[in-house]
Every structure is written in C-alpha cells, then in structure tokens.
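> Sharing a structure, written as structure tokens. Questions coming.
The values are calculated or read from the model by the stated rules, or taken from the named source; none is laboratory data. Fair warning: this is a prediction, and the values are worked out from it, not measured in the lab. Side chains are part of the model used for accessible areas, which takes the heavy atoms of the whole protein and leaves out ligands, DNA and RNA. Shrake-Rupley method; radii C 1.70, N 1.55, O 1.52, S 1.80 Å.
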Amino acid sequence: QIEDYLAAMRQVLDEGSLPEQQERFSGEEVKELLFDIARQTAAAQGSFVLFSGEKTKGGVICDRQLLIRAFENILSNAFAYGDTEKGIRLSVAENCRKGEQFLKISVHNFGRGFSKRDLIYADESRHDSTHQGLGLAIVRKFAAAQGGYLEYRNEAGGAVVEVYLREK
C-alpha cells in the first residue's frame, strides 16, 4: 500500500514524468473507449452503467493511457462509494462554456454523495485502506493539461464528477 501511495504521489507531483503519446481522438472515439472501460469495470464490480450521450462533432488531443488512467480513477471512486445495485450513469457530450468548446465526461453514482468536507477537499479527503485520496488530484492534473478542468458536486442522491477537456 505504501508503494502504491508513493507511486500515486509521484504521478501527481512529477511534471512530465511519463512520456506522452499525443493522439487526436474524435468525441465519438472517446465515448466508445470510455463506454467500453465502464462496461468492463461495472461487470467486474457486479454492477451496471447507464449510458447517454449525443453525437459529437469535435475531438481532443491527449495521451490515450493518461485518459484511461484518469477515467479509471473516476470509475474506481464511483463504484467504491456508490450503490452497486443502482449502478452509475455515464455521459459524454459537447459543452460550450464561456465561448469555448469542451468534451464533457460526466459520471454520476447513486451513493451517499460527497460530504461537506469532501466538497471542499475531495482531492485529499477519502483515505482508507484501498484509496489514497489522490484519484481526483490525478484527474484534475490530466484535465488541466488538456486545457480543461474538473468539477464535482452532489446531485439526486449521489456524487457527480465531470471532466471538461478542451476540444481541438
């Protein structure tokens, strides 16, 4: 566990520690990749995923492995803190904010949601024997590197995590 924690800390702190293999992905390719990962993760957790998303026109440029790692961090938290009988909801859609176009990835679990403390310190507050509390910090770093950002909140009986990646 200590080795896993240290590796996660290095990932958050080390700028450029992993060689990036930038690729262009259409929004549809991102959606297909993430839906596939979510299906596999849900099956392994004995749960399910409700998918939604509209046809996208734009795309993003990013490292496939970093995209997957960031999304797996979100899914790990969603299933760990959600209700497996209720599953999770995943959507991928385009979103315009402040005149800029983003690909928005939204994951909603139907668990207890974020506590008040989590909403302030979500990157560091969920420590237990299997989670180091760095998942969202890693996701935030990935999103920022793509010209985007991370948001999280409570909604309708669960937690919602949204990643905005700037379309290019």
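> Ignoring ligands, DNA and RNA, what percent of the accessible area of segment 31-168 is carbon or sulfur (1.4 Å)?
Values: 3290 of 6650 Å².
Of all accessible area on segment 31-168, carbon and sulfur atoms account for 49 percent.
> At 1.4 Å probe size, with every protein chain present, just tell me what the per residue accessible area of segment 21-126 comes to in Å².
53
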